[in-house]
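The values are calculated or read from the model by the stated rules, or taken from the named source; none is laboratory data. Treat the numbers as computed from the prediction; the structure is a model and nothing was measured. No Cβ is skipped: glycine too gets one built from the backbone with ideal geometry, and neighbour counts run over all protein chains shown.
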Amino acid sequence: MKAGVALDGAGPESRPSLTPAPLDRDASGGLGSRPPRICLPSARRFERLAFQCGYLEAQDVLTASGDVDLICLEVEPGFDRKLRWMRRLMYHDVSRRLAFMNPGVKGVRLTKDYDVLVLVCASYWDFLYVNALEGWQDHCRTSICWIDELWAADLPRYRYWLPSLSRFDHVIVGLHGTAVPLSDMMGRQCHYVPSGVDTLRFSPYPDPPERVIDICSIGRRRREIHEALLHLASSKGLFYVYDSLQTNGSQAHDHRQHRELFASTAKRSRFFIVAPGKADAPEETRGQIEVGFRYFEGLAAGTVMVGQAPECEPFHEMFDWPDAVVPLRLDGSDVADVLGGLAHDPERLGELSRRNARQALLRHDWTHRWRRVLEIAGLGPSPGLEAREQSLKAIAALVQS
């Protein structure tokens with residue numbers, strides 16, 4: 001059977017895709033005559049694990065606004081060993097001093113004044129890198145530490161280093177269920193800002209490519225559903241793309257190439273498998289249900305997302321339209337029926353695809369997240385971010401027609 005003709009149904013309309021390349025700048029200063037307002041340190045030269053690439057993408061979107069000094073940090077010899085040592089001891093550091101130590105990153109002395117320092121951390125240990133910036137508190141009027149993955153159940157273990165976050169004027173977390181308990185522990189308000197996606201990269205519009213991949217599953221997955229999909233792919237001759245290697249520790253050679261490949265795969269896929277964050281690791285989440293990256297990526301690519309919708313308030317607020325996720329049973333017993341039924345209704349498939357892509361452009365681009373982050377800092381969006389928003393709206397208008 002030819003790939004993409006699977007399940008005997010037709011997919012959404014398709015044409016080749018155009019994606020603008022992201023801007024690459026270092027600490028040389030902002031674009032144009034406008035002086036940079038934002039100091040954005042980045043560990044992109046040594047931290048490019050697969051799960052970190054989405055936040056490097058977020059940094060690219062902000063940097064492209066022309067309002068940013070991107071400070072590309074570099075490591076010194078022995079960095080890996082020192083970082084492992086610090087991460088292990090911080091859990092028991094009653095002195096609470098380790099969190100203020102440089103883990104082996106080359107020091108950078110700031111010489112300019114900024115409205116805000118934004119430290120973007122995919123994981124909790126990334127905040128240590130701010131210790132390599134000398135004088136940042138003297139040169140940044142306000143500061144933000146944005147930590148994505150910080151689970152509420154782990155907060156008691158982090159009690160010795162969490163007080164170091166008080167150095168920052170604002171703390172943001174990417175998990176909704178963590179914001180309140182972290183606020184209680186720190187004695188101050190912490191903010192929730194969800195993940196996002198570079199929709200200009202992931203969107204199939206304005207020229208949608210052919211959806212030659214029947215089913216796509218990236219990263220963590222539920223075993224029973226995966227086995228049902230393998231059986232369906234084998235029996236029906238479907239093109240099922242999934243990870244065959246353990247990717248948690250995989251380092252990308254280039255984060256942009258990694259995201260481009262992912263985006264190219266997603267927007268050529270008809271069905272995209274989704275599940276709540278760390279759905280396969282209940283011992284880590286302890287019942288905390290969160291909206292992970294996959295929902296935003298599958299949405300932006302205009303796929304029909306199938307799997308489980310997170311039963312949490314943020315999901316119902318951010319994905320408030322019918323069939324944002326078409327449900328599958330956890331045991332995978334209805335995989336063939338659900339996907340087969342959708343494939344035999346090409347009109348519905350096209351409608352779901354267009355609606356998802358449009359909602360992503362209007363609501364879930366990294367631009368929308370950065371607007372909220374800057375609002376927390378007391379700043380308005382830059383002309384560059386506003387121009388990007390207008391571009392997103394223009395593409396979304398094409399999708400609607």
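Here are some residues: GLY302, GLY298, GLY277. Which one is at pLDDT below 95 and surrounded by 21 or more Cβ atoms within 10 Å (Cβ to Cβ)?
Residue meeting the stated conditions: GLY277.
For residues that are part of a strand (DSSP E or B), surrounded by fewer than 20 Cβ atoms within 10 Å (Cβ to Cβ) and aliphatic (A, V, I, L, M), tally how many sit in segment 101-123.
Looking only at segment 101-123, we keep the residues that are part of a strand (DSSP E or B), and these are 105, 108-109, 114-123.
Cutting the leftovers down to surrounded by fewer than 20 Cβ atoms within 10 Å (Cβ to Cβ) gives us 108-109, 115, 123.
With aliphatic (A, V, I, L, M) added as a condition, the list becomes 108.
Total meeting the criteria: 1.
Could you list, in sequence order, the residues of segment 124-140 that are among the aliphatic types (A, V, I, L, M), more than 15 Å from ASP169 (Cα to Cα) and assigned to a helix (DSSP H, G or I)? Spell out the reasoning first.
Of all residues in segment 124-140, those among the aliphatic types (A, V, I, L, M) come to 128, 130, 132-133.
Those left that are additionally more than 15 Å from ASP169 (Cα to Cα): 128, 132-133.
Result: LEU128, ALA132.
Suppose we filter segment 52-98 for residues that are among the charged types (D, E, K, R) and either surrounded by 13 or more Cβ atoms within 10 Å (Cβ to Cβ) or under 30 Å from SER382 (Cα atoms) (or both); how many remain?
Final tally of qualifying residues: 10.
As an exercise: evaluate GLN246 against (1) more than 17 Å from ARG48 (Cα to Cα); (2) part of a loop (DSSP other than H, G, I, E, B); (3) of a type outside the set (A, V, I, L, M, F, W, C); (4) free of Cβ contacts under 8 Å to residues at least 60 places away in the same chain and give the number of the one condition it does not meet.
The one condition GLN246 does not meet is (1).
Can you tell me which residue within segment 213-225, out of those that are more than 16 Å from the chain's Cα centre (by Cα), touching a residue at least 60 places away in the same chain (Cβ under 8 Å) and over 17 Å from VAL304 (Cβ atoms), is surrounded by the fewest Cβ atoms within 10 Å (Cβ to Cβ)?
Looking at residues that are more than 16 Å from the chain's Cα centre (by Cα), touching a residue at least 60 places away in the same chain (Cβ under 8 Å) and over 17 Å from VAL304 (Cβ atoms), I get GLU224.
Residues that are surrounded by 22 or more Cβ atoms within 10 Å (Cβ to Cβ), in the same structural domain as LEU230 (by TED's automatic domain parsing) and modelled with pLDDT of 90 or more: does segment 243-254 have at least one?
Taking every residue of segment 243-254 in turn, none turns out to be surrounded by 22 or more Cβ atoms within 10 Å (Cβ to Cβ), in the same structural domain as LEU230 (by TED's automatic domain parsing) and modelled with pLDDT of 90 or more.
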